[in-house]
Amino acid sequence: MSDCGLEGSAPGLFGPLRLDLPEGCVTCLLGASGVGKSTLLRLLAGLPTGVVFEGQVQRLPAALMAQEDGLLPWLSVAQNVTLGARLRGERAADPAALLAAVGLAGFEARLPGTLSGGQRQRVALARTLAEDRPLVLLDEPFSALDARLRLEIGALALRLLAGRRVLIVTHDPAEAARLGDQILILTRAGLMPHPAPKGAVPRAHDAGEVLEAQAALMERLLA
Amino acid sequence: MKGLALALLLWQAGVWATGLPPYLLPGPWAVGQALVAHRGELAPATALTGAATLIGLALGAGLGVALALMMAAWPRLGRAFAPLLIVSQSIPVFALAPILTLWLGFGMAPKLAMVVLITFAPVAQALHDGMRAMPTARADLAQVMGASRRAVLWHLALPGALPQLASGLRLAAVYAPLGAVIGEWMGGAQGLGALMLHANGRMKTDLMFAALLVVIALALLLQAVVNRGLQNALRRRGFEC
């Protein structure tokens, strides 16, 4: 077993499976709702899952970004970005550079309630980056965004996370085809790899290979 | 305003129609006259009742917040106390008033005790519920970030429960004047409650009603001030209200 991943089964949810997260690789975990994608992510994050998992998990210090941005409405954008340090009682670094990187320069003092959905998710991304962890877990992070923002913020996230071990849980075949170095499909039958299109991530959404992979993934999801 | 005018009109009409003597049902005009004639008695009584209400509310809210924090910090304590809070709210406080007077004398203390008794539970319960109802997304984030339990309570649960705390405080502000008047009614020698009791005893029904009007005005004013303050506090902290 590699240095980060898990191997085992959760009776009633999924059979024996093995998930490896190689270093510097973006893994997209694709599957229908309710097959246990998020359970796998939560196991890797060390979060409660509500299921009995029989097997072993190799964890690394992780940062988490979910569909729900989890921003605290009473903290400014800057304070939200440095939430981790605040919660651990550490001195927070200046978040200005991170905010600039996600396209929110000058938003430091704003409250989350004054931001749009896309801007909120950008703040959540900056907060994830501020944690500076070797493993980054993204649980349907862009599902609540419209198609255009999903492309933009997805590509931005991958550029900023380049070089890290990343797990993206998604139900969107297009997202998996664009963002995954490694694409895995979770079904009742188990966890199966699917060849990823050529090219470095994030890939163009309209590249021929990406569209082909998207169609093939959809086919497998429907099977 | 229209509703108030209509109510006054109906009241006066009722007095005329039934021909009840003023010592049974004074009309609004008579009550208004009593309000002016007895302002020398009413003003100090109002100040006293108002003070008991405000101080008692502050003490009750403080106690409620402290209790909720302890219950959140020690979940076993919380589980033990939660049902007691509900029980405490169903105690008919009238029944306790005489004993409070026996214990605490005839001054300010039994009144304050009554206000505290009637206000701490809604505050404690609302804040405790609010702290427990932290969204899963926040709890997950905190755990992955390596936050201690204390940090979660202090930085996430408590500030996140501000809207619920506000509802508890609003409720407490509604009850607080009631507590003060009950305290005065049962054991106080001064204040609007005592004034009402004495007026009743002397068949000065118009004065009784005048004092009652002042109590209502006091309660409405307090509610308005508390609501406004809470609304501002919530908005400043990014909560919608």
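At-a-glance table
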| item | result |
| --- | --- |
| Number of the exception - B:Leu178 against (1) surrounded by 18 or more Cβ atoms within 10 Å (Cβ to Cβ); (2) more than 25 Å from B:Trp103 (Cβ to Cβ) | (2) |
| Residue count, the stretch A:51-81 (criterion: more than 10 Å from chain B (Cβ to nearest Cβ) and assigned to a loop (DSSP other than H, G, I, E, B)) | 5 |
| Some residue of the stretch B:169-176 being under 30 Å from A:Gln79 (Cα atoms) and in a helix (DSSP H, G or I) | yes |
| Residue match in the stretch B:82-89 (condition: in a helix (DSSP H, G or I) and in contact with a His (Cβ under 9 Å, 6 or more places away or on another chain)) | yes |
| Selected residue [touching a Pro at 6+ places or on another chain (Cβ under 9 Å), surrounded by fewer than 17 Cβ atoms within 10 Å (Cβ to Cβ), farther than 23 Å from A:Leu6 by Cβ and assigned by TED's automatic domain parsing to the domain that holds A:Leu30] from A:Arg148, A:Arg178, A:Arg159 | A:Arg159 |
| Test: A:Arg159 is charged (D, E, K, R) and over 15 Å from A:Cys28 (Cα atoms) | yes |
| Criterion: surrounded by 13 or more Cβ atoms within 10 Å (Cβ to Cβ) and out of contact with any His (no Cβ under 6 Å at 6 or more places or on another chain) - qualifying residue of A:Gly8, A:Gly24, A:Gly89, A:Gly50 | A:Gly8 |
| The stretch B:135-153, residues that are of a type outside the set (Asp, Glu) and within 7 Å of another protein chain (Cβ to nearest Cβ) | B:Ala137, B:Arg138, B:Leu141, B:Ala142, B:Gln143, B:Val144, B:Met145, B:Gly146, B:Ala147, B:Ala151 |
| Pairs, first closer than 23 Å to B:Ala172 by Cβ and among the small types (Gly, Ala, Ser) in the stretch B:70-85, second surrounded by 11 or more Cβ atoms within 10 Å (Cβ to Cβ) and modelled with pLDDT of 90 or more, C-beta under 6 Å, six or more apart | B:Ala72/B:Met131; B:Ala72/B:Leu153; B:Gly78/B:Met71 |
| Residue, surrounded by the most Cβ atoms within 10 Å (Cβ to Cβ), within the stretch B:193-241, restricted to residues that are outside any helix (DSSP H, G or I) and either β-branched (Val, Ile, Thr) or without any contact (Cβ under 8 Å) to a residue 40 or more places away in the chain (or both) | B:Gly238 |
| Criterion (surrounded by fewer than 11 Cβ atoms within 10 Å (Cβ to Cβ) and either at pLDDT 90 or above or not aliphatic (A, V, I, L, M) (or both)) met by exactly one of B:Gly3, B:Gly14, B:Gly32 | B:Gly3 |
| Test for B:Leu9: is it among the aliphatic types (A, V, I, L, M), assigned to a helix (DSSP H, G or I) and surrounded by fewer than 16 Cβ atoms within 10 Å (Cβ to Cβ) | yes |
| Residue match in the stretch A:28-46 (condition: within 10 Å of chain B (Cβ to nearest Cβ), closer than 27 Å to B:Leu162 by Cβ and part of a loop (DSSP other than H, G, I, E, B)) | no |
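Residues are listed down the side, and each one gets a yes or a no for (1) free of Cβ contacts under 8 Å to residues at least 40 places away in the same chain; (2) touching an Asp or Glu at 6+ places or on another chain (Cβ under 7 Å):
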residue	(1), (2)
B:Leu10	yes, no
B:Trp16	yes, no
B:Leu24	no, no
B:Gly40	yes, no
B:Thr49	no, yes
B:Gly60	no, no
B:Gly64	no, no
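The values are calculated or read from the model by the stated rules, or taken from the named source; none is laboratory data. Predicted model, so just to flag it, every value in this text is computed and none were measured. Methodologically, a virtual Cβ is constructed for each residue, glycine included, from the backbone with ideal geometry; neighbour enumeration extends over all protein chains shown.
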